[in-house]
Amino acid sequence: MRLGVLDVGSNTVHLLVVDAHRGAHPWPAHSEKAVLRLAEQIGPDGALTSGGEDALVEAVAGAKAAAEGLGTDDLLAFATSAVREATNAPQVLTRVRQETGVHLHVLPGVDEARMTFLAVRRWFGWSAGRLLVLDIGGGSLELAAGIDEHPEFALSVPLGAGRLTRERLRIQPGTSVPPPAATIDELQRYVEETLAPVVDKLGQVAWDRTVATSKTFRTLARLAGAAPSSAGLWVGRSLSQDGLRQVIGFIRHIPPSELSELEGVSASRAHQLLAGAVVAEATMRLLGIDRLDICPWALREGVILRRLDQLDGG
């Protein structure tokens with residue numbers, strides 16, 4: 001069957017269409033995205049601005065039309081932290097449904113962690129042993145650990161790259177001056193303090209292999225020497241703590257507006273790279289992770305796999 005997944009995230013609205021059935025590898029048939037940066041369109045009152053609403057409705061309508069044109073049998077639409085935390089989320093969701101016919105399901109952060117964990121488990125298989133999975137999004141950091149397809153531990157904390165860029169580094173797209181060293185140090189302390197309860201909880205959990213997903217981790221791995229995306233999905237990629245520290249050592253001195261000139265760094269997320277790197281480094285250091293593997297599957301694939309499991313169950 002042909003499934004469409006519409007992911008309304010903090011940075012992009014991403015449509016992924018795959019051909020899949022239970023027990024088979026979901027093969028991508030189409031992918032398109034619109035860069036909306038919804039997290040940056042939250043007003044002082046915590047509500048998504050009218051301009052953000054308009055852009056979201058237009059993007060969802062366009063994605064629905066594309067999915068229908070490709071003959072999808074089902075469209076799974078969900079929204080993550082930006083919409084989830086907006087004070088006017090109910091009104092936004094109602095408007096999207098009324099004007100596009102698409103029912104956006106707001107996915108709790110813990111469910112994001114669980115769905116991503118499922119995707120990673122299916123990608124690496126049972127031979128990976130007990131997994132610890134990390135995912136840095138625009139609004140939050142998700143962590144999950146366990147031996148089965150359903151993690152024993154799943155948590156979401158507000159340490160997304162976009163959120164910290166906006167609230168802590170106070171960097172806007174196109175900023176031409178690197179943030180001061182004192183601001184970066186302050187961000188690092190904040191991240192460490194926020195992670196402290198997570199580290200305490202994970203102190204009771206063991207794992208055999210650490211895996212990371214998300215655009216942030218993939219970009220950092222590429223800058224640290226991992227194979228480019230052109231090498232294909234099957235090439236193994238990893239990120240070491242030493243390599244990550246070297247990356248931070250040079251990107252902290254580069255103006256955000258120039259980071260997109262580095263190979264593997266997308267223009268739409270370049271200004272968020274430093275904040276994401278600080279979160280990644282602190283998480284690896286505090287959890288004692290020397291090296292982690294990069295998984296090409298993440299939340300969207302997890303949603304697809306869960307849907308296929310549901311269909312198979314009747």
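The values are calculated or read from the model by the stated rules, or taken from the named source; none is laboratory data. This is a predicted model, so every value here is computed, not measured. We place every Cβ from the backbone using ideal geometry, glycine too, and count neighbours over all the protein chains shown. When the accessible area is computed, the model is the full protein with side chains, heavy atoms only, and any ligands, DNA or RNA have been set aside. Shrake-Rupley method; radii C 1.70, N 1.55, O 1.52, S 1.80 Å.
Per q in 0.14, 0.23 1/Å, what log10 I(q)/I(0) does a Debye calculation on the alpha-carbon atoms of region 158-277 return?
-0.64, -1.42
About the Cα centre, and with charges only on the beta carbon of Lys, Arg (+1) and Asp, Glu (-1), how big is the dipole of region 158-314? Nearest 20 debye, please.
280 debye
Mind pulling the per residue volume of the convex hull built on the Cα atoms of region 47-167? Å³ is fine. Write out the running numbers ahead of the final one.
Working: hull volume 14.9 nm³, N = 121.
Spread over its residues, the Cα hull of region 47-167 gives 123 Å³ apiece.
Over the chain, average the accessible area per residue using a 1.4 Å probe and give it in Å², no decimals.
The answer is 42 Å² per residue.
Report the local net charge at LEU155: Lys and Arg +1, Asp and Glu -1, summed over other residues whose C-beta lies under 13 Å from its C-beta.
-4
Choose one of VAL265, LEU143, ALA65: the residue whose Cα lies farthest towards the positive end of the charge dipole of the chain (beta-carbon charges +1 Lys, Arg; -1 Asp, Glu; about the Cα centre).
Value computed over the given set: VAL265.
Per Stokes-Einstein, at 10 °C and 1.306 mPa s, what whole-number D in µm² s⁻¹ belongs to region 7-110, with the Kirkwood radius over Cα pairs as the hydrodynamic radius?
Rounded, D is 112 µm²/s.
Which one, SER229, LEU134, GLY160, projects farthest toward the positive side of the charge dipole computed for region 122-239 from Cβ point charges (K/R +1, D/E -1)?
SER229
Considering amide H positions built from the backbone, and no H for Pro or chain starts, which residues 5 or more places from ALA47, or on another chain, come under 5 Å of its amide H?
It is THR87, by chain and number.
So what's the net charge close to LEU16: Lys and Arg +1, Asp and Glu -1, counting the other residues with Cβ under 10 Å from its Cβ?
-1
Under a cut-off of 16 Å between alpha-carbon atoms, report the lysines in cross-link reach of LYS33, not counting same-chain residues fewer than 8 places apart.
Excluding near neighbours in sequence, the set is LYS64, LYS215.
Could you tell me, in Å, what Rg and Dmax come out for the Cα atoms of region 240-302?
12.9, 36
Within region 1-78, what whole-number % of the accessible surface is contributed by carbon and sulfur, with the 1.4 Å probe and all protein chains included in the calculation?
Percent of accessible area from carbon and sulfur atoms in region 1-78: 52.
Starting at 0 and stepping by 10 Å, how many percent of the alpha carbon pairs of region 120-175 end up in each bin?
Each 10 Å bin holds this share of Cα pairs: 23, 37, 23, 15, 3.
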